[in-house]
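Worksheet: the structure to be examined is printed underneath.
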Amino acid sequence: MASPSQVRPVVLLGARDDAHVSRLAQRLGQEGVVALVVDTLAFPEDTRLALTDALDGIHVNGGALPTPGAVYLRGYHGHPLAFGVDAREAMDDDWRTTLVAFREKSTLLRGLVGRWEAMGIPVYNPESTSWRMPKPVQLALLAQAGLPVPETLWTNDSVAVRRFAEGRRVAYKPVDGGAATLELGPGDLSDERLAALEAAPVTFQELLTGEDLRVYVLDGEIIASVRIHSRAIDFRGHEERLESITLPDEVARQCLLATRVLGLRWTGMDLKRDAQGTWRFLELNESPMFLGFDARAGTDILGHLARGLARAARLPAP
């Protein structure tokens, strides 16, 4: 094992007061690793970044940032609609300037993370995976790899929606998330209702009525799998009971394959049973929440994540 002087810090990117960031920083300290938090929510108002033209020329709040052993990306807060961001007043005052400012912020932060990836530093998760994360790409890649996914349509075409919904139950939700999944009803297929597609496309998906499953994978290993008991179509906020389980071998194999297909070092994935009992992949999240699952299902996702980051911090610098 490396001596304490050889242990590099772990950089956490996210809001300093985000419980996932603060608890992870505390747990890393218990592992003997220094956690350096780059507060992306406070950037650019309070967090100061300076990048030179040298790949490792990275300064935060006036000081050179040491080369990290690993980077955990909780979130960029790079859009007015991002979780935790309150930009309503700025958007009301001058939406165009505000959007430009968020674009510049996001570009610099993504450039920062891209530099670390280029230096060979493990990033959870790296910029190179970002193009695979939109659901229309994600599910298509999983299906191409032979993994079970629900039949899904992303569209603003009302004719295509009616054709897709004919003779079966269908769920609908935003393309990028952020709102609950609902069941498509007869009224949703009216001309007036479908005219809303002129404003934005929507995800339509065969409705799966079976159990929900959340699986966490870290560095190619399943670290937790939780059955979610809920009578709601969308379990979020409607969980009745969480139960830690051992996955069947075939489902475990599929979960590991799904992680490799999308190039993720770390993920929380959602699966749901169909009427025939097959677990189908709904989504792999590149920065999943996990503290609630630890608290209610008795898992130790936080501990696994901290130990994984700590192992990387003890490896020789790339």
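The values are calculated or read from the model by the stated rules, or taken from the named source; none is laboratory data. Note that this is a predicted model, so its numbers are computed, not measured. Here Cβ is always computed from backbone atoms with ideal geometry, including for glycine, and neighbour counts include all displayed protein chains. Each accessible area value is taken on the protein alone, full model and side chains, heavy atoms only, with ligands, DNA and RNA left out. Shrake-Rupley method; radii C 1.70, N 1.55, O 1.52, S 1.80 Å.
A simple charge model with +1 on the Cβ of Lys and Arg, -1 on the Cβ of Asp and Glu and nothing else charged puts the dipole of region 84-185 at about 400 debye relative to its Cα centre.
Among 283, 198, the sequence by solvent-accessible area, most first, with a 1.4 Å probe is 198, 283.
Selection among 101, 196, 213 by position relative to the dipole of the chain gives 213 as farthest towards the positive end (Cβ unit charges, Cα centre). The charge dipole of the chain, taken about its Cα centre with unit charges on the Cβ of Lys, Arg, Asp and Glu (plus for the first two, minus for the last two), comes to roughly 860 debye.
Can you give the extra length, in nm with one decimal, that the chain gains between residue 55 and residue 189 once fully stretched, where that is 0.36 nm per residue apart less the Cα-Cα distance? Could you put the intermediate results ahead of the total?
Details: separation 134, 0.36 × 134 = 48.24 nm, distance 5.32 nm.
That works out to 42.9 nm of additional length.
Using only the alpha-carbon atoms, how far is helix 301-313 inclined from the longest principal axis of the chain? Give it as 0 to 90 degrees, nearest 10. Relative to the chain, helix 301-313 is tipped by roughly 40 degrees.
For region 100-153 and region 288-318, what is the centre-to-centre distance using only Cα atoms, to the nearest Å? Cα centroid of region 100-153 versus Cα centroid of region 288-318: 21 Å apart.
For residue 41, neighbours were defined as the other residues whose beta-carbon sits under 12 Å from its Cβ, and their charges (Lys and Arg +1, Asp and Glu -1) total -3. Cross-link partners of residue 272 among lysines, defined as those whose alpha carbon lies under 17 angstrom from its own and excluding same-chain residues fewer than eight positions apart: 135, 173. Computed from Cα positions, the angle between helix 19-30 and the longest principal axis of the chain comes to roughly 40 degrees.
Using unit Cβ charges (K, R positive; D, E negative) and no other charged atoms, how large, in debye to the nearest 20, is the dipole of region 157-217 about its Cα centre? Walk me through the intermediate numbers first.
On the way: 7 positive and 11 negative charges, 28 e Å.
So the magnitude is around 140 debye.
Taking the Cα centre of the chain as the origin and placing charges on Cβ (Lys, Arg +1; Asp, Glu -1), which of 316, 44, 277 is farthest toward the positive end of the dipole? Of the options given, the answer is 316. Can you classify the chain as rounded, prolate or oblate using the Cα gyration tensor, where a ≥ b ≥ c are the square roots of its eigenvalues, rounded means a/c under 1.5, and otherwise it's prolate if a/b beats b/c and oblate if not? Note, shape of the chain comes out oblate. Give the residue from 120, 242, 261 lying farthest towards the positive end of the charge dipole for the chain; charges sit on Cβ (+1 for Lys and Arg, -1 for Asp and Glu) and the dipole is referred to the Cα centre. The listed residue farthest towards the positive side: 120.
Sequence gap at least 6, Cα distance under 8 Å: using those rules, report the relative contact order of the chain to the nearest whole percent. Show your work: numbers first, answer last.
Numbers: 553 pairs, mean separation 61.1, N = 318.
Value for the chain: 19 percent.
Distance between the 7 Å Cα→Cβ label points at residue 91 and residue 36: 3.4 nm. For residue 124, enumerate residues with amide H under 5 Å from its amide H, sequence gap 5+ or separate chain, H modeled in the peptide plane. Amide H neighbours of residue 124: 71, 72, 73.
Hey, can you find the accessible area per residue of region 91-238 for me, probe 1.4 Å, expressed in square angstrom? Walk me through the numbers on the way to the answer.
Details: 7680 Å² over 148 residues.
Accessible area per residue, region 91-238: 52 Å².
When trypsin sites (Lys or Arg not before Pro) are flagged only if DSSP places them in a loop and at most 16 other Cβ atoms lie within 10 Å, the longest unflagged stretch of the chain comes out as 49-167. How much net charge surrounds residue 123 when only other residues with a Cβ under 9 Å from its Cβ are counted (Lys, Arg +1; Asp, Glu -1)? Net local charge, residue 123 excluded: -1. With contacts taken as Cα pairs under 8 Å at a separation of at least 6 residues, region 57-163 carries a relative contact order of 22 percent. A simple spin-label model places the labels of residue 221 and residue 243 2.7 nm from each other, with each point 7 Å out along Cα-to-Cβ.
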